[in-house]
Amino acid sequence: MTDHLLSPVRIGSMTLRNRIAMAPMGVEIVGDDGLANDEVVRYYEERARGGAGLLITEVAAFAYPHGANSVHQLGLSEDRFVEPLRTLTDRVHAHGAKIAIQLVHHGKISRVDIAKGDPVMVPSLPEWRGSFDMVGDLSGDELMAMAAASGGVESKPQYREMTTDDIAALTEQLGAAVGRAKDAGFDAVEIHGAHGYLASGFLSPQWNRRSDAYGGSHENRARLLCEWIAEAKGRAGTDMPVWVRLDALEYRTPEGITFDDCQVTARLAVEAGADAIHLSAYGDSTSGRAFTEGSLPDQEARHAALSGRLTRDLAVPVIGVGRISPATGNEMIAHRKADLIAMGRQLLADPATPLKLTEGRAGEIRPCINCYVCVAQPFFDRKVRCAVNPVLGRELELADVERSAAEQSRTVAVVGGGPAGLEAARVAAERGHRVTVWETGEQIGGALRFAALVYEPNLRLLRWYEHELHRLGVDLRLGATADVDQIGAIDPDVLIVANGARRVRPEIPGVEQDHVFDGDDLRDLLTGSGDGSAIKKLGLTTRIAVRFGRRLGVLRDPGTVARLTERYMPIGEDVVVIGGGLVGVELTEFLVERGRRVTVLEEGEHFALEMAHPRRWRVLNDLRDHGVELVGQVTDLRIGHADVQFRAGDAERTVGADTVVIATGLEADSSVADAFRAAGHDPIVIGDAGGVGYLEGAIHAGFHAARSL
Ligand SMILES: Cc1cc2nc3c(=O)[nH]c(=O)nc-3n(C[C@H](O)[C@H](O)[C@H](O)COP(=O)(O)O)c2cc1C
Ligand code: SF4
């Protein structure tokens, strides 16, 4: 039930059909001119069609290109920006949603100014540079790409401490932009007072060391923001609400914004005329840890208690944000922990989330899996992508794919029920084809099933595929190997091969011992989806327990297994994981959560490079906090009876291990496709059967295979 979330609400003079707002997201779909092109318009239109009450646009630079973080963001500094934005607001309004524009000056993070060598406006010259704890877990390519977004490694910001004339001029520019926003048909304005940008820099005791009327006391630090609010209100008039986004906290920043500061600022902002407060959070911009604590929280509803405190303080609505699911958002509103809920990533993953809730189709909502692929892109000044929603960023071309029936309904056989096969089957069925999926395991999911065990958000995705395939009437042949004869007998119009990757055992001395498991063994033991051969490696009692569990079917559900393994697992106390890629690191997190002491050995320099870097920061830092040793550049591995020996740099080392897990050696498995080709079929080969692309690659390949059928 999400009645509270779906009830109407007012912000100032504006009434919204429900309390779901799309959080502002700089998705960089804009070209290099700051104009709302057709692709941008369609991206927002899809979110309006999806039922949100309010859309808040991405950061729009009111002094564009000055004070912009990228040329690929909306501009509002000249009249030429108005007309395309008018098209955008018209299209959004046609679907019953309201739209606010988020106005920003990026202050010390104005990458466009930095790249050009132009002065970068700041409240005062920075004294603290940040912890830079994010650097160590980035690859060389990632560091170069980030530097390129600010003009290259040689490019250094030329800071300019703002004079009062600068402040007045900027306030005037903001006012003019609000006037243009009104002309363009926006319903409201959100002033960005968070995330380390200019206004938030003024609010922060760390970044604002001024001794004039704009620095020092709470009132002085909030002066710029309050002047902006007053200016915006003056231009907006009484029928266009204006509010601010604030940081509840500035994590890992000495003398950073505290929640007490935020409460005072919020009160002052309301006194200055703000019609609402949107409560986000921030942290040291050079800290990977701070990123997933503050503005992009990993923890669900991390700041709900703080937004709850603000709702009690203020007479205006409070917008809560930060990994809030519909159910939690509903609870938050019911208990006045927020008046509206902003959802960011969930509306990237499924723009129709609000509509599906409204129509009682919650099971159809495609979940965001908190993988941070989307938000990794703007770091490199690249257009957003979503791991689970291949349409994101290409709405103009792809948004109608699932809505439009194919010209001719065909029979489609999909060999392999992993993520690539499931997505291909789902999209093909949506388009009206008759689809059969052949899966050798007893249940669908393939690699996603094991991934769902070790990382809970993946379980939500698996459940969604189960729901959708059932809803769409896809014929599932489980425990069935589709060989050439069987496929030949049904003679499908289209054959899609998505049989996944093959695991190749590395040639490490000692790898054949019974306490050494690879991914297939673990899948076998923990999900019951293999041939059962790994059970032979266990001691008698454990063997009986695992066989019994299989027979009872308790291994069928990854959620149940995840809970059971918190109490018991046929894995020793001291574990060495060989391979520090995504699979090894996810598995390590799972083991550590179950009390195991783990050492990860990786031949490369970096860990989990296949994870989008913000998630990587979060996971690796958590592992280190839990005492996991991550050893890179490992060579000369040898597995003993109770230890693993290896060389790391110049040092010979030995680490005790009663279990060793091999998490390396995935390679494309073309054998199934080859057999079909030899028999005269012309299969479409996708997912890890064609090349290892992990979840995102598999889902996208599945989608694209089915869209053209
Ligand atoms: C791709 C991406 C871009 C973002 N860009 C902005 C932005 O332009 N302005 C802003 O205030 N917050 C931005 N955010 C933060 C979101 O508004 C939101 O606060 C954050 O994603 C947490 O909400 P969620 O967990 O529902 O995604 C961005 C987030 C994402 C994922
Ligand atoms: S990329 Fe990942 S985190 Fe971002 S919206 Fe998609 S599923 Fe969610």
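The values are calculated or read from the model by the stated rules, or taken from the named source; none is laboratory data. Every value quoted in this text rests on a predicted model; they were computed, and no experiment measured them. Every residue, glycine as well, gets a Cβ built from its backbone with ideal geometry; the counts of neighbours run over all protein chains shown. Calculation scope for accessible area: heavy atoms of the full protein, side chains included, ligands and nucleic acids excluded. Shrake-Rupley method; radii C 1.70, N 1.55, O 1.52, S 1.80 Å.
With contacts taken as Cα pairs under 8 Å and at least 6 residues apart, the chain reaches a relative contact order of 12 percent.
Note on the chain: Rg/Rh from C-alpha atoms, Kirkwood Rh, equals 0.99. For the chain, the longest principal axis of the Cα atoms and the long axis of helix 82-93 meet at an angle of about 60 degrees. Taking all protein chains together and a 1.4 Å probe, the residues Val178, Val484 rank Val484, Val178 from largest to smallest accessible area. Residues whose amide H lies under 5 Å from that of Thr57, counting only those 5 or more places away or on a different chain, are Ala100, Ile101, Gln102; hydrogens are built 1.01 Å from N in the peptide plane. Of the GluC sites (Glu not before Pro) found in segment 263-340, those that fall in a DSSP loop while having at most 15 other beta-carbon atoms within 10 Å are Glu300. For His93, the solvent-accessible surface with a 1.4 Å probe is about 60 Å², rounded to the nearest 10. In a DSSP loop and with at most 13 other Cβ atoms within 10 Å, the GluC sites (Glu not before Pro) in segment 1-84 are Glu78. In percent, rounded to a whole number, the relative contact order of segment 9-398 is 18, using alpha-carbon pairs under 8 Å and six or more apart.
In sequence order, segment 627-638 has phi-based couplings of x, 6, 8, 9, 10, x, 6, 8, 9, 6, 6, 9 Hz under the Karplus curve 6.51 cos²θ - 1.76 cosθ + 1.60, θ = phi - 60°, and Gly or Pro positions carry x.
Divide the volume of the convex hull around the Cα atoms of segment 9-398 by the residue count and you get 122 Å³ per residue. If you take the Cα centroid of segment 1-76 and the Cα centroid of segment 134-164, the two points sit 27 Å apart. Taking every DSSP bridge with both residues inside the chain, close to 20 percent are antiparallel.
Once neighbouring chains are kept in place and the probe is 1.4 Å, which whole percent of the accessible area of the chain is contributed by carbon and sulfur? That fraction is 49 percent. Near Thr253, the amide H atoms lying under 5 Å from its own belong to Asp284; only residues 5 or more places off or on other chains count, and H is placed 1.01 Å from N. Couplings for segment 379-389, taken from phi via the Karplus curve 6.51 cos²θ - 1.76 cosθ + 1.60 with θ = phi - 60°, read 4, 9, 6, 10, 5, 5, 9, 10, 4, 9, 10 Hz in order; Gly and Pro are left as x. For the set Asp574, Asp166, solvent exposure ranked by accessible area (probe 1.4 Å, protein chains only) runs largest to smallest as Asp574, Asp166. The Cα atoms of segment 602-654 give a gyration tensor whose axes a ≥ b ≥ c have a/c of 1.5 or more with a/b greater than b/c, which makes the shape prolate.
For the chain, the mean residue ellipticity at 222 nm estimated from helices alone is -11000 deg cm²/dmol, where every DSSP H run of n ≥ 4 contributes -39500 (n - 2.57) and the total is divided by all residues, rounded to the nearest 500.
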